[in-house]
Amino acid sequence: MTAPSGRRAHVQRETRETAVRCRIDLEGAEPVPAARIETGIPFFDHLLAAWSVHAGFGLEVVARGDLEVDGHHTVEDVGICLGRALRQAAGDYGTVARFGTAYVPMDEALARVVVDCSGRPLLVWAVEVPPRAFGAFHTELAEEFWRAVAVEARVTLHVDLLRGRNAHHGLEAIWKAAGRAMAQALAPRAGGPLSTKGVLE
């Protein structure tokens with residue numbers, strides 16, 4: 001694990017189940033951020049790429065996991081690394097906008113994600129999609145991923161799927177909305193922490 005530099009961070013994590021490398025650049029690149037995503041789970045790669053593009057963040061995720069078991073360990077551990085990278089790249093959240101909100105439709109689905117870079121980790125998950133496996137990615141892993149991100153990034157994250165019947169549409173709308181909300185929340189801001197306490201924790 002290396003220290004952040006210029007709103008960038010690099011996190012590596014290895015266990016007996018997975019090996020994950022994650023690099024993030026909150027400044028991204030024009031006109032869209034560069035993304036290299038290789039988790040061994042194509043649908044998960046697709047979701048992460050959508051998140052990166054709609055956040056405007058440069059992202060590299062390379063993961064090896066025990067996919068012969070299932071996708072759980074890989075998806076959760078990528079969430080852990082991404083959350084840590086976000087936290088490192090943003091610093092102590094005292095120099096960012098703190099709050100972000102986004103609504104994103106995808107056909108019949110409509111997702112809302114609200115984030116508070118507060119230093120207090122919490123996921124509120126109000127999502128119902130039909131149970132379905134996209135290769136090694138089962139729909140139940142979506143909640144596990146975002147919980148790992150929220151805990152390791154130390155953010156409060158509310159995720160609502162307001163409507164939607166198609167699991168693919170619903171999950172993709174969530175990832176895109178999360179990208180847009182996080183881009184707002186992590187936008188640079190001068191003037192110190194947005195808190196009456198004077199600190200975020």
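Brief remarks on what is shown
- Near Thr101: Cβ cut-off under 14 Å, other residues only, Lys/Arg at +1 and Asp/Glu at -1. The net charge is +2.
- Fewest-first sequence of Trp146, Trp125 by Cβ atoms within 10 Å of each Cβ: Trp125, Trp146
- Between Ala126 and Glu68, the modelled label-to-label distance comes to 4.3 nm, taking each label 7 Å out from Cα in the direction of the beta carbon.
- Relative to the Cα centre, the charge distribution of the chain, modelled as +1 at Lys and Arg Cβ and -1 at Asp and Glu Cβ, gives a dipole magnitude of about 720 debye.
- Between the listed residues Val61, Val159, Thr39, the Cα displaced farthest toward the positive end of the dipole of the range 8-185, a dipole computed from Cβ unit charges relative to the Cα centre, is found at Val159.
- Two-site label geometry, Ala133 and Ala190: point separation in nm, points 7 Å out along Cα→Cβ: 5.5 nm
- Candidates Val113, Gly79, Ala50 compared by Cα position along the dipole of the range 8-185: farthest toward the positive end lies Val113, with charges placed on Cβ.
- For the chain, the C-alpha radius of gyration divided by 2.2 N^0.38 Å, with N the number of residues, is 0.96.
- Gain upon complete extension [Asp107, Glu143; 0.36 nm per residue less C-alpha separation]: 10.8 nm
- Of the GluC sites (Glu not before Pro) found in the range 54-115, the ones in coil according to DSSP and having at most 15 other Cβ atoms within 10 Å of their Cβ are Glu68, Glu108.
- Proximal charge balance of Arg13 [Cβ under 15 Å; K/R count +1, D/E count -1]: -1
Quick note: the coordinates plus some simple rules give every number you see, no bench work behind them. This one's a predicted model, so the numbers in the text were calculated from it and none came from an experiment. Because the Cβ atoms are built from the backbone with ideal geometry, glycine has one as well, and the counts that use them run over all protein chains shown.
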